[in-house]
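My questions all concern the structure below.
The values are calculated or read from the model by the stated rules, or taken from the named source; none is laboratory data. No experiment lies behind these values; they were computed from the predicted model shown. Here the Cβ is made from the backbone with ideal geometry for all residues, glycine too, and neighbour counts use every protein chain on show. With ligands, DNA and RNA removed, areas are computed over all heavy atoms of the protein, side chains included. Shrake-Rupley method; radii C 1.70, N 1.55, O 1.52, S 1.80 Å.
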Amino acid sequence: ETGVTQTPRHLVMGMTNKKSLKCEQHLGHNAMYWYKQSAKKPLELMFVYNFKEQTENNSVPSRFSPECPNSSHLFLHLHTLQPEDSALYLCASSQAPSSGWRTDTQYFGPGTRLTVL
Amino acid sequence: EDQVTQSPEALRLQEGESSSLNCSYTVSGLRGLFWYRQDPGKGPEFLFTLYSAGEEKEKERLKATLTKKESFLHITAPKPEDSATYLCAVRSNTGKLIFGQGTTLQVKP
């Protein structure tokens, strides 16, 4: 496997289900991200992890719960979602500097197309 | 407030008809402008990073340029396989990456 992989690629779930999205990066990066992409809207940053520590949570509802067990793996645990949560969920990774200005390039996975019924 | 605006929202070209996509931005201290290509149902694919006004980068039929207020993605003699959504993103001195809404390009044979 190369680059950033995501599983599953497609997921249909009911509002009462619990599911998890998985992301794995094979680039040796130290930062990982979850984004939400809805139709006709810019990518929305959800969470940022640097060196396995969550450094950003952009006011995401608690029904989305991220987990980063190591610098190569990132999960997004989903529970009691709403139909408006249906979207493409993208994972990205980058090599963030340990200090100084951030100029790193983010590389994206193929995404998980989530449909909430 | 940091903001990124892409235009046009959609663009239709005939094969071989050159054109440009625009990305206008207002940010507090530019720390990089990024262009991505996204095919339907797939994740964004990295194309270019530009850091300072006057910088240019090229890749096959694509050329990206940067000024203090905007970036252009020039497409020379496009082919149908260049059809995709092109995303622009800007990193400000807060470290955040802010995306535009994208330009969907369709190139007809």
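Between Rg and the Kirkwood Rh of the protein assembly as shown, both from Cα atoms, what is the Rg to Rh ratio? Working shown, then result.
Details: Rg = 17.7 Å, Rh = 18.2 Å.
Across the protein assembly as shown, the Cα-based Rg/Rh ratio is 0.97.
For every other residue with a beta carbon closer than 12 angstrom to the beta carbon of B:TYR86, add +1 if it is Lys or Arg and -1 if Asp or Glu, then tell me the sum.
Details: positive: B:ARG37; negative: B:GLU9, B:ASP39, B:GLU45, B:ASP82.
Local net charge: -3.
What area, in nm² and to one decimal, does the C-alpha convex hull of chain B cast on average over all directions?
On the way: hull surface 25.1 nm².
Seen from a random direction, the Cα hull of chain B projects 6.3 nm² on average.
Determine which residues of segment B:25-48 fall in the zone a paramagnetic label at B:ALA77 would reach in this model, i.e. backbone nitrogen under 13 Å from the point 7 Å along Cα→Cβ.
The answer is none.
Taking H placed 1.01 Å from N in the peptide plane, check which residues at least 5 places from A:THR115 or on another chain put their amide H under 5 Å from its amide H.
Here the answer is A:LEU11, A:VAL12, A:MET13, since their amide H atoms fall under 5 Å of that of A:THR115.
While we're on this one: Whenever you get a sec, compute what percent of the accessible area on chain A sits on carbon and sulfur atoms (1.4 Å probe).
Values: 2850 of 5640 Å².
Carbon plus sulfur share of accessible area: 51 percent.
Can you classify chain A as rounded, prolate or oblate using the Cα gyration tensor, where a ≥ b ≥ c are the square roots of its eigenvalues, rounded means a/c under 1.5, and otherwise it's prolate if a/b beats b/c and oblate if not?
Working: a/c = 1.81, a/b = 1.68, b/c = 1.08.
It is prolate, given that a/c is not under 1.5 and a/b is the larger ratio.
Okay, next question. With the cut-off at 1.5 for a/c, could you classify segment B:1-52 from its C-alpha gyration tensor as rounded, prolate or oblate? Working shown, then result.
Details: a/c = 1.96, a/b = 1.57, b/c = 1.25.
Because a/c hits 1.5 or more and a/b exceeds b/c, segment B:1-52 counts as prolate.
Where the centre of each part is set by its Cα atoms, how far does segment A:1-64 sit from segment B:36-50, in angstrom?
Spelled out, the Cα-based centre of one part sits 17 Å from the other.
Got a sec? What order do A:PHE75, A:PHE47 fall in by accessible area at 1.4 Å, biggest, i.e. largest, first? Before the final figure, lay out the partial values.
Details: A:PHE75 50, A:PHE47 5 Å².
From most accessible down to least: A:PHE75, A:PHE47.
How much net charge surrounds A:GLY14 when only the other residues with a Cβ under 14 Å from the Cβ of A:GLY14 are counted, with Lys and Arg +1 and Asp and Glu -1? Don't skip to the end; give the middle numbers.
Numbers: positive: A:LYS18, A:LYS19, A:ARG63; negative: A:ASP85.
Counting the neighbours of A:GLY14, the net charge comes to +2.
Would you mind checking segment A:31-45 for residues with the amide N under 12 Å from a putative spin-label position 7 Å along Cα→C-beta of B:THR104?
Residues A:39-41 fall inside that zone.
Any idea of A:MET46's accessible area? Nearest 10 Å², probe 1.4 Å.
Surface accessible to solvent at A:MET46 totals approximately 10 Å².
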